[in-house]
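Have a look at the structure below, then the notes.
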Amino acid sequence: MTSTLKGITLKGSAELVAEFFSFGINSILYQRGIYPPETFTRITHYDMSLQLTTDPKLKNYLTNVVCQLKEWLFECTVQKFVLVITCLETNEVLERWQFDIECDKSAKETSAPREKSIKTIQDEIRSVIRQITATVTFLPLLETPCAFDLLVYTDKDLMVPDKWEESGPQIIDQSEEVRLRSFTTSIHKVNSMVAYKRTDSA
Amino acid sequence: MAEGGDVEWELSKENIQPLRRGRAISALHHALSQQQDGLSSAINQQRQAFESELRMYDGDDPLDVWDRYIKWTEQTFPQGGKESNLATILEQVVTRFTEGNKYYDDPRYVELWIKFAENCPEPLDIYRYMQAQGIGVTQTSLYIAWSEEYENQGNCRKADLVYQEGFKKCAEPHDKLLQFHKALQARVSRQVMMNVEEDDSDDEPKEPQRVSLADLKSRGKKKAIAPINRVGSAIRSIPGGIQSHGASVLGNASNSKLVVFDENKTRAGPSEPKLESWAAPPTSKAKENEQKPGIWCDVKMPQKSKFGHTVMAPPPPKPTFQPFVEESDQPPTMTPCKINPAVNSVLSARKPCREETPLKRLQEHHQQQKEAESGKLHEQSMYCKELLLSGATEFCFEELRAERYFKKVTQEVKGEKDPANATPN
């Protein structure tokens with residue numbers, strides 16, 4: 001079904017990006033050991049195997065977030081999406097995964113599909129997720145039990161929905177930052193980056 | 001976006017050893033970009049600086065230099081390996097400060113021991129040795145590393161016991177010990193729960209099963225059957241080799257043809273294996289080949305004739321003629337070689353033999369120290385052997401002298417400058 005589709009619309013783009021976040025969050029939670037590995041199940045998507053949580057509460061939470069995100073993506077009002085990993089006991093921020101989203105707002109006016117095949121986009125997404133997996137080579141081991149939090153940066157004039165609240169940026173001081181790959185659907189462009197607490201060597 | 005340069009770490013991600021504390025990405029980029037054109041002079045210079053600092057340091061915290069040196073090495077050689085000299089340095093530092101227990105409870109020293117242990121083939125031995133010597137017994141990190149090693153080997157009970165030992169010794173920081181112990185308990189209980197669930201779900205009897213590979217099929221005319229005896233999941237804990245307990249093997253029909261003779265079995269009946277020095281070589285009653293060694297050159301295999309008698313083949317007659325040898329022809333007495341034959345002592349770097357584990361060397365060192373204390377040592381080097389050989393590389397006298405000279409010069413320059421600065425003020 002995808003092979004015949006040549007172009008991409010705003011709606012489709014929002015869906016693709018939201019789907020990326022869903023898999024991306026799951027990957028990070030699995031890779032960084034925020035939830036025990038037994039609570040994940042392996043599925044195949046983007047021609048690669050990915051881990052999806054089976055924890056019902058977490059699943060529900062993620063679905064809610066991603067649904068809301070999809071709406072904002074469709075309205076082109078999101079600027080950033082951030083996953084913050086904090087130490088459960090001290091509430092110190094240990095890792096910060098930031099995804100900057102650039103929306104092409106002109107897509108809202110014209111409904112004509114853009115020229116970019118879903119396959120190319122998915123290839124780009126795949127390499128981003130691969131890179132997320134590969135970050136274990138330099139990220140410090142998370143030794144303490146951790147919690148995670150999701151932050152969304154939106155345009156200023158947006159109404160805050162019931163289930164959301166305003167929050168601080170939760171930035172790590174003295175952090176090491178690594179830019180990851182980016183991908184674009186030609187309507188939404190997502191730049192990824194991870195920041196982590198600097199090692200006390202050197 | 002400067003993505004082009006940033007993917008380098010991803011391309012060589014398999015060659016980067018993960019560190020507990022993570023890596024500084026700038027150091028990683030630096031190390032990876034330099035990898036392509038060999039060891040750069042910058043790295044060599046830095047290493048040399050560390051090496052000479054090790055020797056020239058005269059403050060009261062010599063461990064600090066070592067600590068920085070090792071951290072630098074870890075960051076600079078992401079792939080580890082021989083080039084990094086990490087194993088050598090770790091062994092050096094660990095051995096060096098066993099004299100006098102100044103650092104025994106220093107978290108840095110214990111951390112170095114743990115790194116050393118992780119580099120060794122048998123980390124558990126090292127941890128036991130540490131405990132016996134009283135190194136780091138009040139440090140939480142020792143118990144965490146020790147317990148994690150047990151857990152990795154699948155021995156959760158021992159892993160728990162290690163924490164109990166830590167509690168007994170009141171290891172610091174206490175919170176961390178408590179937290180890691182809790183985490184272990186949580187993991188174990190979750191595992192048990194999972195196992196119970198799995199046991200409920202499948203009612204199949206537990207019979208020998210192959211883990212992953214299927215039975216090898218014979219091809220063509222050959223009817224060879226490869227003996228395979230992988231059984232259950234417990235097989236993982238046994239390090240590769242022959243299984244000594246035959247019970248599980250018996251169930252495997254394909255293997256029953258082949259009975260391996262085990263000479264240890266017949267002997268190890270009543271007596272328990274004890275660690276004692278052998279008064280006499282063990283009796284050879286279980287030996288199979290009883291024949292005495294003798295001269296073999298004229299012995300012939302008796303051959304059976306058609307009629308069943310054994311006949312000896314007649315010895316080949318000696319040639320009655322002299323083979324012709326050309327006068328000018330001299331057979332080459334030696335294969336041509338580039339090395340001057342007068343030089344017969346070719347040196348190569350000594351490789352530690354396989355039985356010589358780092359732990360063994362450590363114990364030897366310890367032994368030597370004891371002997372030295374009791375005045376039994378017969379050797380005494382009359383030069384600063386310690387200074388020349390410490391660190392990962394060897395220094396020569398001139399290098400040391402130069403270091404001292406430069407130090408003196410810089411001090412003199414400073415001494416001259418200071419009064420000059422003082423006058424205008």
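Determine, yes or no, whether B:Arg157 is within 14 Å of chain A (Cβ to nearest Cβ) and more than 21 Å from A:Cys87 (Cα to Cα).
no
Looking at the range A:134-145, which of the residues that are under 14 Å from A:Leu94 (Cβ atoms) and among the polar types (S, T, N, Q) is nearest to the chain's Cα centre (by Cα)? Among those that are under 14 Å from A:Leu94 (Cβ atoms) and among the polar types (S, T, N, Q), it is A:Thr135.
For the range B:5-26, how many residues meet the condition of being within 11 Å of another protein chain (Cβ to nearest Cβ), assigned to a helix (DSSP H, G or I) and either within 20 Å of A:Val128 (Cβ to Cβ) or modelled with pLDDT of 80 or more (or both)? Qualifying residue count for the region: 9. Here the strands (runs of 3 or more DSSP E) wholly within the range A:146-202 that include at least 2 residues being under 19 Å from the mean Cα position of the chain (by Cα), within 14 Å of chain B (Cβ to nearest Cβ) and closer than 25 Å to A:Val136 by Cα are A:175-184, A:188-197. As a summary of the residue check, A:Arg42 satisfies the conditions (1) without any contact (Cβ under 8 Å) to a residue 12 or more places away in the chain; (2) closer than 17 Å to A:Thr135 by Cβ except for the one numbered (2). Filtered by the rule that a residue be away from every other protein chain (no Cβ under 13 Å), assigned to a helix (DSSP H, G or I), farther than 19 Å from B:Leu387 by Cβ and touching a Ser or Thr at 6+ places or on another chain (Cβ under 7 Å), the range B:56-90 gives B:Ser84, B:Leu86.
Considering the range A:105-139, and only residues there that are outside any helix (DSSP H, G or I) and out of contact with any Lys or Arg (no Cβ under 8 Å at 6 or more places or on another chain), the residue that is modelled with the lowest pLDDT turns out to be A:Ser111.
With respect to being surrounded by fewer than 17 Cβ atoms within 10 Å (Cβ to Cβ), within 13 Å of chain A (Cβ to nearest Cβ) and more than 20 Å from the chain's Cα centre (by Cα), B:Glu99 falls outside the description.
Per the conditions (1) within 25 Å of A:Pro169 (Cα to Cα); (2) away from chain B (no Cβ under 14 Å), the sole criterion not satisfied by A:Met48 is (1). Annotation: of all residues in the range A:2-33 being within 14 Å of chain B (Cβ to nearest Cβ) and surrounded by fewer than 20 Cβ atoms within 10 Å (Cβ to Cβ), the one that is farthest from A:Asn191 (Cα to Cα) is A:Gly33. The residues in the range A:132-143 that are of a type in the set (S, T, N, Q) and more than 7 Å from chain B (Cβ to nearest Cβ) can be counted, and the count is 2. Listed by first and then second residue, the pairs linking a residue in the range A:97-109 that is under 12 Å from A:Ala14 (Cα atoms) to a residue that is among the aromatic types (Phe, Trp, Tyr), with Cβ atoms under 8 Å apart and 6 or more places separating them unless they lie on different chains, are A:Ile101/A:Phe81. Residue count for the range B:363-377, restricted to those that are charged (D, E, K, R), modelled with pLDDT under 75 and over 17 Å from B:Asn101 (Cβ atoms): 2. Exactly one residue out of B:Ala132, B:Ala117 is part of a helix (DSSP H, G or I), among the aliphatic types (A, V, I, L, M) and surrounded by 14 or more Cβ atoms within 10 Å (Cβ to Cβ): that is B:Ala117. Taking the listed residues B:Val65, B:Val110, the one that is touching an Asp or Glu at 6+ places or on another chain (Cβ under 7 Å), surrounded by 16 or more Cβ atoms within 10 Å (Cβ to Cβ), at negative phi and free of Cβ contacts under 8 Å to residues at least 40 places away in the same chain is B:Val65, with no other qualifying.
Out of the range A:103-123, which residues are among the acidic types (Asp, Glu) and over 23 Å from the mean Cα position of the chain (by Cα)? Result: A:Glu109, A:Glu115. Of everything listed in (1) in contact with a strand residue (DSSP E or B) (Cβ under 9 Å, 6 or more places away or on another chain); (2) surrounded by 16 or more Cβ atoms within 10 Å (Cβ to Cβ), the single unmet condition for A:Glu115 is (2). Of the residues making up the range B:160-182, those that are within 14 Å of another protein chain (Cβ to nearest Cβ) and surrounded by 14 or more Cβ atoms within 10 Å (Cβ to Cβ) are B:Lys176, B:Leu177, B:Leu178, B:Gln179, B:Phe180, B:His181.
The values are calculated or read from the model by the stated rules, or taken from the named source; none is laboratory data. Here the structure is a predicted model, which means the values were calculated and not measured. Note: ideal-geometry Cβ built from the backbone for every residue, glycine included; neighbour counts use all protein chains shown.
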